[in-house]
Amino acid sequence: MSEKDVLILGIESSCDETAAAVVKNGREVCSNIIASQIDIHTLYGGVVPELASRHHMEKICQVVEEALSKAGITLKELDAVGVTFGPGLVGPLLVGVSYAKALAYASGLPLVGVNHIEGHICANYIEDPSLEPPFLCLVVSGGHTHLVRVKDYCTFEVLGVTRDDAAGEAFDKVARAIGLGYPGGPKIDAAAKKGNPEAVRFPRAHVDDGEFDFSFSGLKSAVLNYLNGAAMKGEKVVSEDVAASFQAAAVEVLTENAMNAAERFHADRFAIAGGVASNSALRSEFERRCSEKGIHYYHPAGILCTDNAAMIASAAFFHYKRGERSGLDLNAVPDLKLGREKP
Ligand code: KG4
Ligand code: ZN
């Protein structure tokens, strides 16, 4: 290890994954430990915040210890602790923030609070060490749908957000309605491979007064109305066709908005991030549209798309390098905004 190397321990607990990772120089993953709570929340068809907080408390010590031991690193060798402090569920966030503060205080390590959405964007730096700002990024997850202009490592301009449901939330709700269960995204993705995307023409919503904004609640309602209508008429529903048709509508809106922004800002690089970025239809549509326009397209591996702490350590690194530190008064901010996002 050269003298200038910076080792950061990242901690993530904003939703239903307790995660810790050690990352070198913001891009090289030394360990990436994720304790998923999917089995617990599956019973309820979605994340139960109180249960999530309790399970984070049970797992966090073990997950951090494992991240350090897998990386072969002791606390003394670290340069800083990075932790997600928002946006997310307040109880789960508080577990990670409290743990990170205690660790920083006891070890004397600097603390760096990280915006979870920024973390998702940074997953692309880990995947492709040659990627540098500026570029455009579409962050699509269970809680967020953001079209972002990444101006430099720590400066973001939010071009568009969802006005209602997040993209992943729509995938999860539609999956539940057609009986596929939780978490819905990967199940819709798999079912859609066996269905016809043109079977049902679901609406593609455009927001009139927000050029790059998104809206998914109309699409979700259209699917529910279609299912109810079929049930009332006693018609059989082919769930694979509904999954494929819904996915086609969601992917078209996401890609169309993204490509309009790419044109407007003359982007030559476009990245995707967040849980929904592992969707196979979204990935191939982005690949096709970007190559048509001569845009370099970036996408993290599946394990870096869904919530993880390596992306948090990466984001912390860039703030650490700028001399930014958080105090021990760092608090969880459930509705934390990114850049110049409207409040
Ligand atoms: O980034 P993430 O792990 O958590 C949040 O920050 O929200 O994203 C989780 C979301 C869930 O809504 C899940 O259904 C969705 O990502 N997801 C997918 C796929 N894999 C995960 N959605 C569509 N297709 C997938 N293959
Ligand atoms: Zn996330």
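Criterion applied to Ala313, Ala250, Ala309 was being over 14 Å from the mean Cα position of the chain (by Cα) and within 15 Å of ligand 2 (Cβ to nearest atom), and the one residue passing it is Ala313. Yes or no: Arg27 out of contact with any Leu (no Cβ under 8 Å at 6 or more places or on another chain), surrounded by fewer than 17 Cβ atoms within 10 Å (Cβ to Cβ) and assigned by TED's automatic domain parsing to the domain that holds Ala313? Answer is no for this residue. Quick check: is even one residue across region 118-127 open to solvent by 10 Å² or more (accessible area, probe 1.4 Å), among the β-branched types (Val, Ile, Thr), within 16 Å of ligand 1 (Cβ to nearest atom) and in contact (Cβ under 8 Å) with a residue 40 or more places away in the chain? Within region 118-127 (the criterion being open to solvent by 10 Å² or more (accessible area, probe 1.4 Å), among the β-branched types (Val, Ile, Thr), within 16 Å of ligand 1 (Cβ to nearest atom) and in contact (Cβ under 8 Å) with a residue 40 or more places away in the chain), the answer is yes, since at least one residue qualifies. Looking only at residues in region 270-306 that are among the small types (Gly, Ala, Ser) and under 22 Å from Cys154 (Cβ atoms), the one that is nearest to ligand 2 (Cβ to nearest atom) is Gly274. Residue count for region 219-250 under the criterion of being without any contact (Cβ under 8 Å) to a residue 40 or more places away in the chain, open to solvent by 10 Å² or more (accessible area, probe 1.4 Å) and assigned to a helix (DSSP H, G or I): the result is 9.
When restricted to residues that are not in a strand (DSSP E or B) and not basic (Lys, Arg), region 1-43 contains 18. Selection of region 177-209 for residues being crowded, with 16+ Cβ neighbours inside 10 Å and in contact with a Gly (Cβ under 7 Å, 6 or more places away or on another chain) yields Tyr182, Gly185, Lys187, Ala205.
What do you reckon, is Asp165 surrounded by fewer than 19 Cβ atoms within 10 Å (Cβ to Cβ) and part of a loop (DSSP other than H, G, I, E, B)? First the steps, then the outcome.
Values: surrounded by fewer than 19 Cβ atoms within 10 Å (Cβ to Cβ): no; part of a loop (DSSP other than H, G, I, E, B): yes.
No: the conditions fail for Asp165.
Annotation note: of Ala281, Ala277, Ala332, Ala271, the sole residue that is assigned to a strand (DSSP E or B) and within 16 Å of ligand 1 (Cβ to nearest atom) is Ala271. In region 301-317, the residues that are open to solvent by 10 Å² or more (accessible area, probe 1.4 Å) reach residues that are among the aliphatic types (A, V, I, L, M) with C-beta atoms within less than 7 angstrom, at least six apart or across chains, in these pairs: Leu304/Ala123; Leu304/Ile126; Leu304/Ala310; Leu304/Met311; Asp307/Ala19; Phe317/Val6; Phe317/Ile8; Phe317/Val23.
Could you list, in sequence order, all residues of region 147-157 that are farther than 10 Å from Asp213 by Cβ and not aromatic (Phe, Trp, Tyr)?
Val148, Arg149, Val150, Lys151, Asp152, Cys154, Thr155, Glu157
The values are calculated or read from the model by the stated rules, or taken from the named source; none is laboratory data. Values in this document were obtained by computation on a predicted structure and should not be read as measured data. In this analysis, Cβ positions are derived from the backbone assuming ideal geometry, glycine residues included, and neighbour counts consider all displayed protein chains. Heads up: the accessible areas ignore ligands, DNA and RNA and are worked out on the full protein's heavy atoms, side chains in. Shrake-Rupley method; radii C 1.70, N 1.55, O 1.52, S 1.80 Å.
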